[in-house]
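Before I ask anything, let me first share the structure, which is written out below as structure tokens.
Please treat every number below as a calculation from the coordinates, not as lab data. Please read these numbers as outputs of a predicted model, since none were measured by experiment. Neighbour counts are summed over all protein chains in view; Cβ atoms, including those assigned to glycine, are modelled from backbone coordinates with ideal geometry.
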Amino acid sequence: MAGQDTPTPQEQAALDLAPCGLVRTEPGGTILRANITFCQWVGYQREELLGRRLQDLLTIGGRIFQQTHLAPLLQMQGSVSEVKLEVVQRDGTRVPMVLNARRHELPQGLRTEIALFVARDRDVYERELVQSRKRLEELVAQATAHQEEAKDRALFSEQMVGIVSHDLRNPLSTIQMGTHVLTRGETRPHQLSILGRILRASERAHRLIADLLDFTQARLGKGISVSPKPFSLHATIADVIDELGQGFEGRALVHEKLGEGECLADADRVAQLVGNLVANAMTYGRKDAPVTVRSRIDADRFEVSVHNVGEPIPPQQQERMFQPLVRGTEGGALRSVGLGLYIVSEIAKAHGGEVTVRSNEADGTTFLASFPRRA
């Protein structure tokens with residue numbers, strides 16, 4: 001009779017033709033029916049399965065899952081779907097299966113109808129997916145570790161630059177002081193020439209160290225420090241040009257002034273900016289052409305520009321002129337360590353200003369630093 005736990009021959013034949021495993025159990029899991037498809041999948045005769053508990057065919061993990069999740073869900077919801085478990089065959093081989101189950105009331109009591117499907121392809125896909133995710137997580141972890149290591153190395157390098165540059169100041173200061181003392185005594189002309197070269201070399205080294213210290217400070221995220229105070233722009237630029245003129249003997253250095261009044265900025269930093277721009281212009285400009293420094297004061301801004309005549313800067317190089325360690329070439333030889341223009345840009349930024357460059361064959365090269373007049 002239909003609905004009984006022992007099906008009629010016609011019902012059993014229909015169940016055996018199903019392309020999936022069909023099992024009926026009591027609430028406790030005891031198997032009351034099993035079609036031939038399920039029996040063949042697990043390797044048991046039908047008579048061997050009847051009276052056994054379905055959970056006895058599961059792995060240990062599957063039994064725990066059945067007790068903690070599957071059974072409570074069936075009791076609460078009355079059905080579950082697409083639950084993946086591993087069923088152990090007679091020979092011990094594990095077969096991944098997906099089951100759908102529904103609980104219902106029959107005259108002889110509460111029964112659970114279960115349909116099972118072999119899921120080997122799905123199991124392979126899921127395992128590959130898990131392995132791919134694991135590999136991806138490992139690669140991400142490695143990339144993160146490499147990135148952190150690179151950051152640490154960069155930070156260490158910049159700190160070392162700052163430490164070494166700072167420590168080099170003391171012996172250089174001693175060399176400069178000693179050279180000044182020797183020039184005041186009785187010296188022969190050739191000795192004075194040698195002392196002059198020593199003094200100029202030490203001054204260049206001192207400027208390089210100052211740039212390295214500023215570079216380290218800017219790269220460590222602090223930015224270049226400034227102390228804005230009212231100052232005379234034209235007078236400051238005039239003093240800088242007078243001092244620079246002594247270091248570039250035989251080169252024409254012109255100062256043009258526009259506008260009047262005081263400005264608010266760090267005069268020493270502005271002088272440093274002009275010194276770097278003039279040194280750059282002297283290096284790359286034509287030796288027989290003047291370098292012109294123009295200081296201009298407007299109502300709300302002030303500007304300092306440095307112009308030289310010479311080979312124009314290629315457009316692709318202009319785009320990265322103010323990046324650190326970018327050096328120009330002259331006659332195929334690299335000049336300086338490429339910090340001067342970076343320091344110039346950082347000084348302008350520290351004041352809320354900016355630096356631009358314009359360079360072509362007809363007009364030459366002009367670096368323009370623009371600042372708010374009352375920063």
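In the stretch 3-70, how does Rg compare with the Kirkwood Rh, expressed as the Rg/Rh ratio over alpha carbon atoms? Display every interim value, and only then the final one.
Numbers: Rg = 12.5 Å, Rh = 12.6 Å.
Rg divided by Rh gives 0.99.
Mind putting a number on the dipole of the stretch 32-153 about its Cα centre? Charges go on the C-beta only, +1 for Lys and Arg and -1 for Asp and Glu, and I need it in Debye to the nearest 20.
Numbers: 19 positive and 17 negative charges, 73 e Å.
So the dipole magnitude of the stretch 32-153 works out to roughly 340 debye.
Averaged over all directions, how much area does the convex hull of the C-alpha atoms of the stretch 229-372 cover when projected, in nm²?
Numbers: hull surface 33.0 nm².
For the stretch 229-372, averaging the hull's shadow over all directions gives 8.3 nm².
Find which of GLY247, ASN360, LEU264 sits farthest along the positive direction of the dipole of the stretch 229-372, computed with +1 on the beta-carbon of Lys and Arg, -1 on that of Asp and Glu, about the Cα centre.
ASN360
Where in the stretch 33-73 is the amide nitrogen less than 19 Å from a point lying 7 Å along the Cα-to-Cβ axis of LYS134?
61-62
Rounded, prolate or oblate: pick one for the stretch 9-118, where a ≥ b ≥ c are the square roots of the eigenvalues of its C-alpha gyration tensor, a/c under 1.5 means rounded, and failing that, prolate if a/b is larger than b/c, else oblate.
The shape class here is oblate.
Give the residue from GLY109, LEU50, LEU70 lying farthest towards the positive end of the charge dipole for the stretch 9-118; charges sit on Cβ (+1 for Lys and Arg, -1 for Asp and Glu) and the dipole is referred to the Cα centre.
Highest projection toward the positive end goes to LEU70.
With the Cα gyration tensor of the stretch 108-147 giving a ≥ b ≥ c as the square roots of its eigenvalues, does the rule (a/c under 1.5 for rounded; else a/b larger than b/c for prolate; else oblate) give rounded, prolate or oblate?
Working: a/c = 12.59, a/b = 3.34, b/c = 3.76.
In terms of gyration-tensor shape, oblate.
At 7 Å along the Cα-to-beta-carbon direction for both ARG358 and VAL254, put a label point, then send me their distance in nm to one decimal.
Computed distance between label sites ARG358 and VAL254 equals 1.7 nm.
Is the stretch 266-311 rounded, prolate or oblate when judged by the Cα gyration tensor, a ≥ b ≥ c being the square roots of its eigenvalues, rounded requiring a/c under 1.5 and prolate requiring a/b larger than b/c? Don't jump to the answer; show the numbers that get you there.
Values: a/c = 3.63, a/b = 1.77, b/c = 2.04.
Here the stretch 266-311 falls in the oblate category.
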